Amino acid sequence: MIHSMTAFARHEIKGDWGNAVWEIRSVNQRFLETYFRLPEQFRGIEPVLRERFRKQLNRGKVECNLRFNANAANKNELALNEKLALQLIQHANWINEQTLNSQISPLDVMRWPGVMESAEEDMSAIQAELLAALMPHLLILLPRAQVKVKTLKL
């Protein structure tokens, strides 16, 4: 008998922090291959996910996607990193002098990574909630994915 690993599961989680959607797809493959697409703030849970998938599955190509939308009402005030902005402006002015006065926009300075900062939410609590929400759906997915399929006689 051949076990089919073809399956799909989707689960949406809503909380005070916003909403998230887990999607898991699996297809037949001789060995276990896992692919994760996670937002940057959740990259830290990838090793945990790999381990949990490895414990539950023996084979298959599995794609796990997480889409996260933070609650706009919970966004904190922006803060300007004045020291970094000043350094950036000084360096930009030096470049302007060297390149015959090309102009730098204040918005370009504000777009520079690290110049504008906002207080981060406690992502560890959100990560724990998202992991807890995923596991029951992974376990539900497994019986569907490992349905016995009759072998074809040629």
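FRET efficiency for residue 46 and residue 87, Cβ-Cβ distance as r, R0 = 30 Å, nearest 0.05? Result of the calculation: an efficiency of 0.35. Solvent exposure of segment 1-69 amounts to 59 Å² per residue of accessible area, where only protein heavy atoms count and the probe is 1.4 Å. Tell me which of 36, 66, 18 sits at the most positive position along the dipole axis of segment 12-82, charges placed on C-beta atoms (Lys, Arg +1; Asp, Glu -1). The residue sitting most towards the positive pole is 36.
The values are calculated or read from the model by the stated rules, or taken from the named source; none is laboratory data. Keep in mind that what you see is a predicted model, and the values were worked out from it rather than measured. In this analysis, Cβ positions are derived from the backbone assuming ideal geometry, glycine residues included, and neighbour counts consider all displayed protein chains. Only protein heavy atoms, including side chains, enter the accessible area calculation; ligands, DNA and RNA are left aside. Shrake-Rupley method; radii C 1.70, N 1.55, O 1.52, S 1.80 Å.
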